[in-house]
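**Q** Before we start, here is the structure in question, set down as structure tokens.
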Amino acid sequence: MLSKNPITTSLFDLFKVGPGPSSSHTIGPMKASYNFLHQLNTLPIEIAQKGKQIQIHLYGSLSATGKGHGTDRAIVGGLLGWQPHTCDPKALNGLMKVQEDKYSIVFQGIAILISATSLTYHKGKTDFPHPNTMILQLLDEAGNVLFEGEYYSVGGGFIQQKGQPPEGSTDRQPAYPYSTMEQLKVHLKTNGLALAQLMIQNEQALTGLPEKEILRKIDQIQDFMHKAVKRGIRAKGILPGSIRLQRKAPVLYERAKQHASATDSFLSFMNAYCLAASEENAAGSIVVTAPTSGASGVFPGLTYLMKYHFHYSPQKMRDGMLAAAAIGFLVKHNASISGAEMGCMGEIGTASAMGAAMLTYAAGGSIEAVEAAAEIGIEHHLGMTCDPIGGYVQIPCIERNAMGAAKAYNAYLLAMTVEPGMQKISFDSVIKVMRATGRDMSKKYKETSEAGLALSVTEC
Ligand code: SF4
């Protein structure tokens, strides 16, 4: 059964600007600790004044791969009042470098020092509703809990606090409510709307923003993506972490230029662009979740290609982004975009399906062709595990972004060349299969680095 509640997520919650390397382990925790700081600032003063310590407890995948994913520094950043879309990534990367580093957390004129010892990584099984759980506590002198917040980082940088509605919940209703592809198609046919028109009208109804502002923000999102590519194809050196992985994007880019007349050169350029943005993500620089940070190289690779090689108009690019968002919403709403729940099929698989939908719609494909492209994109990532070496979003993540983009391109070609009516599997069906596969997958393959590549390669 797919969800019956209509999708109320905004485009700009799906495509979020923030620091790498992980939306669920970096952006989500920073938002949670920022929210906790805000709540400390609104506590009754007689409780706040008793506060002497802050403790942070990390569970599940946050505990297993949090260090490699920068969860510790993200949490400290949030407690210092930093937010993902405005923080300085260099300053963020400078936090928690050594065990002795201490930071003063200030609320209501009270200052509490925290350090690495304020974080506890709880290993083993938990009964929390989501594998990415964190609990932040304010304690008194004797260690009694004065106030606490339990947060779930549910993927793509979205968070939910225990007892609160999901982030982004709104009383506003979309103009055309849908929770499945079937319902979306009925709206389009009944109202004679193009997919991009429907998406804009829903966004206007949900956010209250005028169309012009929505389009401006979509262009801005693409700019952030392309800035990551431009930085990445120039940046040389070793990525942070014990793997000591060399950046490859600048070399790939130079080789692509040398073979620019080869028939497959666009693929070489696309690989360079995907790696460039992914390496920037791994370095903790600013990227755009699409739908996650781990998968934040797929879209820049494709959109850079569309803009600078295929010369798509700005309007076609925006239309493609809107089609992609529809696909991302459907997966998030009915399965999950979290690697901790779905393995990598939730991240790169969803990004690939979104990319396939974007290419197909921008090229003039029908809604049936968009559905077929997205279905193919998901279908050929079913069961793909998440087993990052050392907990760093590097191997297999960086190359996997290029592979996800290549599959997106091929899914688009397949969908555009075969009569869409011949597609036997619907998008709604493949999402059900994805959800069931994610549930059946061992937790060892869901962003814990307890199996697979994570165990078979020795860090050097
Ligand atoms: S393997 Fe995939 S899901 Fe796991 S951290 Fe890497 S990109 Fe994310």
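Every residue, every condition in (1) within 10 Å of the ligand (Cβ to nearest atom); (2) outside the structural domain of T180 (by TED's automatic domain parsing); (3) more than 17 Å from the chain's Cα centre (by Cα); (4) surrounded by fewer than 22 Cβ atoms within 10 Å (Cβ to Cβ), yes or no:
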site: E368; (1), (2), (3), (4): no, no, yes, yes
site: A372; (1), (2), (3), (4): no, no, yes, no
site: H380; (1), (2), (3), (4): no, no, yes, yes
site: G383; (1), (2), (3), (4): no, no, yes, yes
site: D387; (1), (2), (3), (4): yes, no, no, no
site: C397; (1), (2), (3), (4): yes, no, no, no
site: N401; (1), (2), (3), (4): yes, no, no, no
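**Q** So which residues in the stretch 443-460 are under 17 Å from I337 (Cα atoms) and assigned to a loop (DSSP other than H, G, I, E, B)? Talk me through it step by step, then tell me what you get.
**A** Step one: of the stretch 443-460, the residues under 17 Å from I337 (Cα atoms) are 443, 445-448.
Correct list: E447, T448.
**Q** Do the conditions hold for A228, that is, is it assigned by TED's automatic domain parsing to the domain that holds A290 and closer than 15 Å to V287 by Cβ?
**A** When the stated conditions are applied, A228 passes them.
**Q** Within the stretch 102-123, is there a residue that is in a loop (DSSP other than H, G, I, E, B) and either under 19 Å from the mean Cα position of the chain (by Cα) or closer than 24 Å to S24 by Cβ (or both)?
**A** Yes: one or more hits.
**Q** Residue check, H226 against (1) in contact with a helix residue (DSSP H, G or I) (Cβ under 8 Å, 6 or more places away or on another chain); (2) assigned to a loop (DSSP other than H, G, I, E, B), all met but one. Which one?
**A** Result: H226 fails condition (2) only.
**Q** Let me spell it out: the conditions are (1) closer than 24 Å to A228 by Cα; (2) within 17 Å of the chain's Cα centre (by Cα); (3) among the hydroxyl-bearing types (S, T, Y), and Y409 meets all of them except one. Which number is the exception?
**A** Every condition holds for Y409 apart from (2).
**Q** Right, here's the next one. Under 7 Å between Cβ atoms, which residue pairs at least 6 apart in sequence (or on different chains) link something in the stretch 379-407 that is basic (K, R) with a partner that is near the ligand (Cβ under 9 Å from one of its atoms)?
**A** R400/C344; R400/I348
**Q** So, one more: Of all residues in the stretch 1-17, which are of a type outside the set (K, R) and either in a loop (DSSP other than H, G, I, E, B) or assigned by TED's automatic domain parsing to the domain that holds E280 (or both)?
**A** Scanning the stretch 1-17 gives M1, L2, S3, N5, P6, I7, T8, T9, S10, F15.
**Q** With (1) of a type outside the set (D, E); (2) modelled with pLDDT under 95; (3) away from the ligand (no atom under 16 Å from the Cβ) as the list, and G60 as the residue in question, which single condition is left unmet?
**A** Of (1) of a type outside the set (D, E); (2) modelled with pLDDT under 95; (3) away from the ligand (no atom under 16 Å from the Cβ), only one is false for G60: (3).
**Q** Another one. Do you know which residues across the stretch 24-48 are under 29 Å from E347 (Cβ atoms), aliphatic (A, V, I, L, M) and out of contact with any strand residue (DSSP E or B) (no Cβ under 7 Å at 6 or more places or on another chain)?
**A** Hit for the stretch 24-48 is M30, nothing else.
**Q** Taking the condition of being at positive phi and in contact with a Gly (Cβ under 7 Å, 6 or more places away or on another chain), how many residues in the stretch 429-459 meet it?
**A** Residues in the stretch 429-459 being at positive phi and in contact with a Gly (Cβ under 7 Å, 6 or more places away or on another chain): 2 in total.
**Q** Quick check: is even one residue across the stretch 412-421 of a type outside the set (D, E), buried (at least 24 other Cβ atoms within 10 Å of the Cβ) and not assigned by TED's automatic domain parsing to the domain that holds T65?
**A** Yes; the residues of the stretch 412-421 include at least one that is of a type outside the set (D, E), buried (at least 24 other Cβ atoms within 10 Å of the Cβ) and not assigned by TED's automatic domain parsing to the domain that holds T65.
**Q** I would also like to ask the following. Quick one: which helices (runs of 4 or more DSSP H) sit completely within the stretch 282-357 and have at least 3 residues that are away from the ligand (no atom under 11 Å from the Cβ) and of a type outside the set (G, A, S)? Steps first, answer last, please.
**A** On the way: elements: 298-308, 314-334, 339-342.
Here the list reads 298-308, 314-334.
The values are calculated or read from the model by the stated rules, or taken from the named source; none is laboratory data. Keep in mind the model is a prediction, meaning the values are calculated, not measured. Ideal geometry is used to build each Cβ from the backbone, glycine not excepted, and the neighbour counts take in all protein chains shown.
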